[in-house]
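Below is one structure, written out as structure tokens; the observations come after it.
The values are calculated or read from the model by the stated rules, or taken from the named source; none is laboratory data. No experiment lies behind these values; they were computed from the predicted model shown. In this analysis, Cβ positions are derived from the backbone assuming ideal geometry, glycine residues included, and neighbour counts consider all displayed protein chains. Please note that ligands, DNA and RNA were not included when accessible areas were found on the heavy atoms of the full protein model with its side chains. Shrake-Rupley method; radii C 1.70, N 1.55, O 1.52, S 1.80 Å.
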Amino acid sequence: MKKEVGQYIHLERATEILKDMVKIYSPYFQEKQIMEYVHDWLKQRGMDAMYHRYHEKKVTNFRGINVVGRMKGQDEGPHVLLNGHLDSVEICEGWTKDPLGAEVENGKLYGVGSVDMKAGCVAIMMAVEAFVNTVENFNGEILYTFVSDEEGPYGLGTDALLLDGITDYADVAIITEPSGTFSGNPFPCLCLGARGGWVYTVTTYGKSAHAATPERGIDAVEEAAKLMMALKETELKEDPKLGKGSIAVIDFNGGGAACSIADKASFTVFRHTVTGEDLSYLRNEVDKAAKKAGLKGTYSMKFRDAPHPENGGFHPYTVSESNPYTRTIKESIREVTGTEPIIDYFPSIGDFNYLGSRAKLPTYVFGPEGGNFHTSDEYVDLESVVKTSEVIYDYLKKILT
């Protein structure tokens, strides 16, 4: 007897799997247990799954684990990459519910990592299981990847997939991050790209003097403050799809000696970028701000240290609405949800940047709805998890059969 999709993708099943996964605490760099859970879950259901191990030696000395599986069709066809991260941020203060309790209330499941993005991973797991059990013949390949360290500074899990050639033959990618939740739209929301992001530190150099006679020195703290304010007044470039970037000062250091003018100070910037704002553009931006600030001393600018040149930051990317893969995923969303998807662009960075810019894949961000990501009482709407999974399943059928 032919098995039905509803046997594999339904609310009770989504709730059961997600409860198990939320109860496993897996902040980035601590993902071993959650990786074992997903690996075993796939294997126990007769699906391909292997551990992909990597070692980043230069900056973090981190030994990470991804879980990777493949489903190969009978003939040539598109290679579809499904990607989700299993790590979360650390538990913060302010929770009114047990962050690892996976409590369900009014159709919402609460817990750290619930919407960002264990729910999206559950959607992939159910869709792949449904596909392998209900579709007899297809062409092409499904590559499903569950990665570590997306919430960390370098996205080492997906970075390792690219470095080791695992994504080399992919034609299109779907990442089930909470697209609408991040972009401020109701479900269903389809993101056709994302802003980029870089971290850099500016150091100002002054001249030490006694605090009783500050005019005899050059106060590096004051110099840094002037440069910061001039930088914040920068007129930002606007992209027709991605909008404007942003300049956020995330750290400041300087001075501290008793009764002395500081001769050195520094501040760190997280700079979200849009198309055309590359590293030379950002250097020039700081130079212009320094000139505007009228500094008396000197300054330097340094981008953060990175494991290798390709993952020092995240490049922005967009996918055309006329792309055939775009038309197909929009059709799947419309048919499954009965609603035309809201088209938007992800306001921040993630593994999708690597796939959209470095791997140059049409990369779609589409996932469940929820709230309070990266803060207390994070939750996901369980019905949207089911719908996300149904969309992925329908999309796979449309382009592979």
Beyond 30 Å, what share of the Cα-Cα pairs of the chain remains, rounded to the nearest whole percent? 44 percent
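Counting only heavy atoms of the protein chains, get the accessible area per residue of the stretch 243-401 (1.4 Å probe) and round it to a whole Å² value.
42 Å²
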What distance in nm separates the two pseudo spin-label positions at Ala306 and Phe29, each 7 Å out from Cα along the beta-carbon direction? 2.0 nm
Which entries in Lys57/Lys360; Lys360/Lys398; Lys19/Lys244 show an alpha-carbon gap greater than 30 Å? Lys19/Lys244
Once you place label points 7 Å from the Cα toward the Cβ at Val89 and Ile343, how far apart are they in nm? 3.1 nm
For helix 119-134, report the angle its Cα long axis makes with the longest principal axis of the Cα atoms of the chain; keep it between 0 and 90° and round to the nearest 10°. 30 degrees
Bins of 5 Å from zero: percent of alpha-carbon pairs in the stretch 1-42: 5, 19, 23, 19, 15, 10, 6, 2, 1
Can you spot the aspartates and glutamates whose alpha carbon is less than 14 Å from Lys97's alpha carbon? Ignore those fewer than 8 places along the same chain. Glu105, Asp377, Glu378
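Given the rule -39500 (n - 2.57) for each run of at least 4 DSSP H residues, summed and divided by the residues of the chain, what is its mean residue ellipticity at 222 nm, to the nearest 500 deg cm²/dmol?
Taking each H run of at least 4 residues, the total per residue is -9000 deg cm²/dmol.
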Percent antiparallel among DSSP beta bridges (both partners in the stretch 68-167, rounded to 5): 45 percent
Roughly what % antiparallel, to the nearest 5, for the DSSP beta bridges in the chain? 70 percent
Looking only at Ser179, Ser246, Ser384, which one moves most when the chain is put into a Gaussian network model with springs between Cα atoms under 10 Å? Ser246
Estimated distance in nm for a label pair at Ser320 and Asp377, the labels positioned 7 Å out from Cα along Cα-to-Cβ: 4.6 nm
Taking the alpha-carbon centre of each part, the distance from the stretch 331-395 to the stretch 11-39 in Å is 19 Å
Please report how far the C-alpha centroid of the stretch 263-316 lies from that of the stretch 170-235, rounded to the nearest whole angstrom. 9 Å
Between the Cα axis of helix 382-400 and the main Cα principal axis of the chain, the angle (0 to 90°, nearest 10) is 70 degrees
Acute angle (nearest 10 degrees) that the helix 324-337 long axis makes with the longest principal axis of the chain, alpha-carbon atoms: 70 degrees
